[in-house]
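Have a look at this one before I ask anything.
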């Protein structure tokens, strides 16, 4: 048996295990969330890729429900942080307090110490508080008065910001936006989907009856299999060329960082497995690239004056790169 044959068999086994669990979790979430198949796929990709998601959308479209459904489906602890300008870093990370009964200091953990964290309206927090959250996201740990506490695994932050209301907000700087694995929007449901939502929530929320379909420890173990999903060298080079194209495109003042390349590489393999394949297609890359790269690029001042948007310019950069073909 050749090394290549062994590698493909390993890839097939890894992808099959990833797909089987992803399908169960997706079916469970879809008992609550209506008509958001691609969004659920992206969240599963983020879980498998150990990344965080920024959701930029209007209130009332199901962001909290989605986060709770994910947490219940994988048997994890869910916490929600409602950001306001007076939220302090210690409100997120936790504090040491003096327990008079025991006569000693104890650590009271903050809401960031959970598996699934919904950081609601993150742009309403001050830059100092935003930095405390993003440091925890990056380092997977919090430090309180010299003591370090590891965050549980899996660990997924779903941060939201309202694109409409700008008064009293502190927009995330580009260096902090780069820490998010992807940026997505749920969008309004269609007419049939909204009618289905009314029927589904007519008596009671189906969220209350949702049971775990996979253990958190199993999900962490499965995430380690993502690098085994096969990626043809030409497809890997295709990802690199797309990221390089963002740095050359005249509409951008700043292109995507190498962190974007790494996110696209791991995410494409996770997406292939979620979709039931043990190999990455160029279509996986094209589908995922806007979610992974749009928030990592900066339009030039001239582009902004002309009314261009980052998503449209990024699509031009993607289309400028030849798609690899077999042979």
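Please treat every number below as a calculation from the coordinates, not as lab data. Because the structure is predicted, anything quoted here is derived from the model rather than measured. Glycine also receives a Cβ, built like all others from the backbone with ideal geometry; neighbour counts cover every protein chain displayed.
Once R0 is set to 41 Å, what does the formula 1/(1 + (r/R0)^6) return for the Cβ-Cβ distance between residue 306 and residue 147, expressed as a FRET efficiency to the nearest 0.05?
0.20
If eta is 0.890 mPa s and T is 25 °C, what Stokes-Einstein diffusion coefficient results for the chain, Kirkwood Rh from Cα pairs, in µm²/s?
Stokes-Einstein gives a translational diffusion coefficient of 116 µm²/s.
Please report the antiparallel percentage of the DSSP beta bridges confined to the chain, to the nearest 5.
Antiparallel: roughly 40 percent of the beta bridges in the chain.
May I ask for the Kirkwood hydrodynamic radius of the stretch 123-179, worked out over all distinct Cα pairs and given in angstroms to one decimal?
12.7
As a check on your grasp of the helix formula, calculate [θ] at 222 nm for the chain: sum -39500 (n - 2.57) over DSSP H runs of n ≥ 4, divide by the residue count, round to the nearest 500.
-14000 deg cm²/dmol
Continuing with the same structure: Expected output is a single nm value to one decimal: the length gained when fully extending between residue 194 and residue 80, i.e. 0.36 nm times separation in residues minus the C-alpha distance. What is it?
Separation in residues times 0.36 nm, less the Cα-Cα distance, equals 38.5 nm.
Could you tell me the calculated FRET efficiency between residue 244 and residue 10, based on Cβ-Cβ distance and R0 = 35 angstrom, to the nearest 0.05?
My answer for the efficiency is 0.70.
Another one. Arrange 203, 283, 41 by Cβ neighbour counts within 10 Å, fewest through most, would you?
Ascending number of Cβ neighbours within 10 Å: 203, 283, 41.
Right, here's the next one. When only Cα pairs under 8 Å and 6 or more residues apart are kept, what is the percent relative contact order across the stretch 249-321?
Value for the stretch 249-321: 42 percent.
Taking the Cα of residue 31, stepping 7 Å toward and past its beta carbon, and measuring to each backbone N in the stretch 58-91: which are under 18 Å?
Of the residues in the stretch 58-91, 65-78 have backbone N under 18 Å from the label point off residue 31.
If I take R0 = 25 Å and measure r between the Cβ atoms of residue 253 and residue 126 in this structure, what FRET efficiency does the formula 1/(1 + (r/R0)^6) give, to the nearest 0.05?
The value I calculate is 0.45.
Measure out, as a whole number of angstrom, how far apart the alpha-carbon centroids of the stretch 41-83 and the stretch 184-240 sit.
Taking the Cα centre of each part, the stretch 41-83 and the stretch 184-240 sit 9 Å apart.
Between residue 17 and residue 106, what length in nm is gained on full extension when 0.36 nm per residue of separation is reduced by their alpha carbon distance?
That works out to 27.9 nm of additional length.
For 265, 78, 97, what's the fewest-to-most ordering of other Cβ within 10 Å of each Cβ?
97, 78, 265
Can you give the Rg and Dmax of the stretch 229-327 based on its C-alpha atoms, in angstrom?
13.7, 44
Pull out the extension gain between residue 99 and residue 174, defined as 0.36 nm times the separation in residues minus the alpha carbon to alpha carbon distance; nm, one decimal.
Here the answer is 22.9 nm.
A further question on this structure: Return 188, 48 ranked ascending by Cβ neighbour count within 10 Å, so the fewest neighbours appear first.
Ordered from fewest to most neighbouring Cβ atoms within 10 Å, 188, 48 come out as 188, 48.
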